Protein chains: 2
Amino acid sequence: MFREHVAPRLARFSSGVVYEVKKLWVAGLPESSVEQKIVSTYGSLKNPSTTILASAGQVEIRLTATGETTEACAATNERLASSLREILGDAIFSEKEEELEEVVGSLLAASGKRITVAESLTGGLIAERITDVSGSSRYFDQSFVTYSNEAKSHLLGVPAELFERVGAVSEEVAHSMATGARERSEADIAVAVTGIAGPSGGSDSKPVGLVYIALATDEGVQVERFQFPGARRQVKRWTSQAALNMARLALLQ
Amino acid sequence: MFREHVAPRLARFSSGVVYEVKKLWVAGLPESSVEQKIVSTYGSLKNPSTTILASAGQVEIRLTATGETTEACAATNERLASSLREILGDAIFSEKEEELEEVVGSLLAASGKRITVAESLTGGLIAERITDVSGSSRYFDQSFVTYSNEAKSHLLGVPAELFERVGAVSEEVAHSMATGARERSEADIAVAVTGIAGPSGGSDSKPVGLVYIALATDEGVQVERFQFPGARRQVKRWTSQAALNMARLALLQ
């Protein structure tokens with residue numbers, strides 16, 4: 001605490017000592033995993049000092065360099081940042097404090113691709129985040145909120161027998177939702193989410209926080225299974241982060 | 001400030017003096033209008049003291065009574081609250097700090113009715129708020145995010161000629177979106193929003209913040225025109241508040 005927050009501020013009042021902060025934002029890895037991957041690289045360094053902060057679906061690595069000039073500080077931060085980039089690669093999604101929806105939006109705009117979303121448990125949150133970005137109409141034109149089984153069948157063409165056989169919260173339904181959303185919207189990329197936000201609706205085999213996310217592109221469909229922590233809104237937030245991150249990684253390829 | 005926040009806290013340390021706060025939450029009226037309607041009623045009272053706080057699409061009237069017992073304070077607050085209820089009527093949507101989506105949800109659950117939403121500028125925010133309430137699957141099963149003209153036609157059946165003739169941000173398109181959403185979802189109530197969230201896309205005749213909201217029920221369709229203040233996210237928030245409030249008022253009838 002003292003080294004991270006107080007010392008750099010005090011340093012500003014000393015003659016000739018300044019500080020600079022650099023932030024690397026990471027998605028798709030839990031805090032413990034980020035820490036484990038990079039601790040041997042930053043742990044022995046006194047300058048810059050490193051702090052790791054986690055929120056739902058996002059980890060911030062904050063480097064704070066002190067030195068005689070702003071430029072010297074920036075160079076000190078950059079030396080460590082360069083090593084961290086080698087270790088973490090694509091897991092770093094922004095060094096400019098951009099939210100995932102902004103990064104995904106920039107990648108979509110640059111590639112000329114369009115995205116759509118089929119949302120069950122998030123209830124519109126992913127589309128809402130995508131359209132929080134000004135200019136999102138260039139790459140987003142429609143999406144589907146399909147809360148009930150009937151809506152998933154009616155709006156996305158999910159076969160009704162799947163609900164009987166494997167249940168709405170399943171790899172198969174996520175797969176079918178993404179495929180249907182992509183076909184019906186004619187978007188290049190479709191992301192579909194189905195899961196249990198809680199507090200009710202969970203079971204031993206399908207607990208609260210269980211979420212399947214499917215991504216459909218012209219390359220095919222991939223589905224990932226997640227178990228997110230927390231209460232209803234946190235599960236929704238985690239899901240939106242993971243969904244946007246899957247879209248981001250697909251757009252990077 | 002002192003009277004509202006500091007005095008009541010100090011009072012707790014005096015012997016035999018306690019305080020009680022009561023909050024009335026109002027929607028559908030701007031702060032200035034709430035103030036104008038009730039100032040002659042609360043203005044001359046020293047106990048309870050009254051504060052009016054506004055946020056996007058919502059006004060809080062906060063009564064703070066001081067007295068010898070909690071019960072005496074509650075009675076003092078209730079005397080004024082009773083007068084305010086007579087003046088403001090249905091504009092008061094909660095006295096228990098419930099968000100609009102919770103109030104709308106309770107009304108839907110009690111009436112056995114279902115709601116759907118067709119969202120342009122809000123991009124999923126209204127559905128997201130509705131589904132933030134646990135148990136919302138009882139009255140919400142699907143909704144539509146239709147950002148482009150093509151999506152409004154394709155998913156909701158809005159006639160393409162309307163876009164040419166009156167533009168996407170118009171009473172006619174809002175009307176058609178709500179009608180289409182209600183028919184296609186088979187919901188009892190459909191709310192549709194179309195408008196200009198900004199920062200770009202505005203013009204002299206259709207400035208940023210211009211929003212049309214339509215409500216379709218078995219009684220017919222009503223459309224209201226709004227001019228909301230603020231930047232993109234605030235316009236989205238105002239729109240979601242006004243849309244949920246229109247649904248609430250329809251459910252009260």
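The values are calculated or read from the model by the stated rules, or taken from the named source; none is laboratory data. Small disclaimer: the values here were computed from a predicted structure and weren't measured. Backbone-built Cβ (ideal geometry, glycine too); neighbour counts: all protein chains shown.
Remarks
- A:Thr41 meets each of the listed conditions (1) on the phi < 0 side of the Ramachandran plot; (2) under 20 Å from the mean Cα position of the chain (by Cα); (3) touching a residue at least 40 places away in the same chain (Cβ under 8 Å) apart from (2).
- Scanning region A:193-248 for residues that are of a type in the set (A, V, I, L, M, F, W, C) and in a loop (DSSP other than H, G, I, E, B) yields A:Ile196, A:Ala197, A:Val208, A:Phe228, A:Ala231.
- Filter result for the condition that a residue is assigned to a strand (DSSP E or B) and modelled with pLDDT of 90 or more, over B:Lys23, B:Lys46: B:Lys23
- A:Ala65 being in a helix (DSSP H, G or I), farther than 30 Å from B:Gln142 by Cβ, of a type outside the set (Asp, Glu) and modelled with pLDDT of 95 or more: no
- Filter result for B:Gly67 (more than 14 Å from chain A (Cβ to nearest Cβ) and under 23 Å from B:His175 (Cβ atoms)): no
- Residue check, B:Ala178 more than 14 Å from chain A (Cβ to nearest Cβ) and either part of a loop (DSSP other than H, G, I, E, B) or hydrophobic (A, V, I, L, M, F, W, C) (or both): yes
- When region B:186-198 is limited to residues that are surrounded by 24 or more Cβ atoms within 10 Å (Cβ to Cβ) and of a type in the set (Gly, Ala, Ser), the one that is nearest to the other protein chains (Cβ to nearest Cβ) turns out to be B:Ala197.
- Filter pass, B:Asp90 being facing another protein chain (nearest Cβ under 9 Å) and in contact (Cβ under 8 Å) with a residue 24 or more places away in the chain: no
- Residues of region A:111-150 classified as more than 20 Å from A:Gly201 (Cα to Cα), polar (S, T, N, Q) and in contact (Cβ under 8 Å) with a residue 12 or more places away in the chain, total: 5
- Taken together, the criteria place A:Thr76 among residues that are of a type in the set (Val, Ile, Thr), touching a strand residue (DSSP E or B) at 6+ places or on another chain (Cβ under 6 Å) and under 30 Å from A:Ile38 (Cβ atoms).
- Of all residues in region A:200-213, those that are within 21 Å of A:Gln241 (Cα to Cα) have Cβ atoms under 7 Å from Cβ atoms of residues that are among the basic types (Lys, Arg) and outside any loop (DSSP other than H, G, I, E, B), 6 or more apart or on another chain, in A:Tyr212/A:Arg225.
- Test: residue in region B:214-227 that is in contact with a Gly (Cβ under 7 Å, 6 or more places away or on another chain), closer than 30 Å to A:Pro199 by Cβ and more than 8 Å from chain A (Cβ to nearest Cβ): no
- Within region A:118-153, the residues that satisfy the criterion of being closer than 16 Å to B:Ser136 by Cα and part of a helix (DSSP H, G or I) are A:Leu125, A:Asn149, A:Glu150, A:Ala151.
- Residues that are more than 7 Å from every other protein chain (Cβ to nearest Cβ) and polar (S, T, N, Q) were ranked within region B:143-158; the one that is nearest to B:Glu186 (Cα to Cα) is B:Ser153.
- Residue match in region B:135-143 (condition: within 20 Å of A:Ser153 (Cβ to Cβ), out of contact with any helix residue (DSSP H, G or I) (no Cβ under 9 Å at 6 or more places or on another chain) and either surrounded by fewer than 24 Cβ atoms within 10 Å (Cβ to Cβ) or not small (Gly, Ala, Ser) (or both)): yes
- Output for region B:115-142, where each listed residue is among the polar types (S, T, N, Q) and either more than 10 Å from chain A (Cβ to nearest Cβ) or under 20 Å from B:Ala197 (Cα atoms) (or both): B:Ser120, B:Thr122
- Hits in region A:151-184 - residues which are surrounded by fewer than 16 Cβ atoms within 10 Å (Cβ to Cβ) and free of Cβ contacts under 8 Å to residues at least 24 places away in the same chain: A:Pro159, A:Ala160, A:Glu161, A:Glu164, A:Arg165, A:Val166
- The criterion of being closer than 30 Å to A:Ile126 by Cα and either touching a Cys at 6+ places or on another chain (Cβ under 6 Å) or modelled with pLDDT of 95 or more (or both) holds for B:Val103.
- Of the residues making up region A:71-91, those that are surrounded by 18 or more Cβ atoms within 10 Å (Cβ to Cβ), of a type outside the set (Gly, Ala, Ser) and within 23 Å of A:Val104 (Cβ to Cβ) number 2.
- Only a single item in (1) in contact (Cβ under 8 Å) with a residue 40 or more places away in the chain; (2) touching a Gly at 6+ places or on another chain (Cβ under 8 Å); (3) more than 14 Å from chain A (Cβ to nearest Cβ) is not met by B:Ala247, and it is number (2).
- Among the residues of region B:202-232, those that are touching a helix residue (DSSP H, G or I) at 6+ places or on another chain (Cβ under 9 Å), surrounded by fewer than 17 Cβ atoms within 10 Å (Cβ to Cβ) and farther than 20 Å from B:Lys113 by Cβ comprise B:Glu224, B:Arg225, B:Pro229, B:Gly230.
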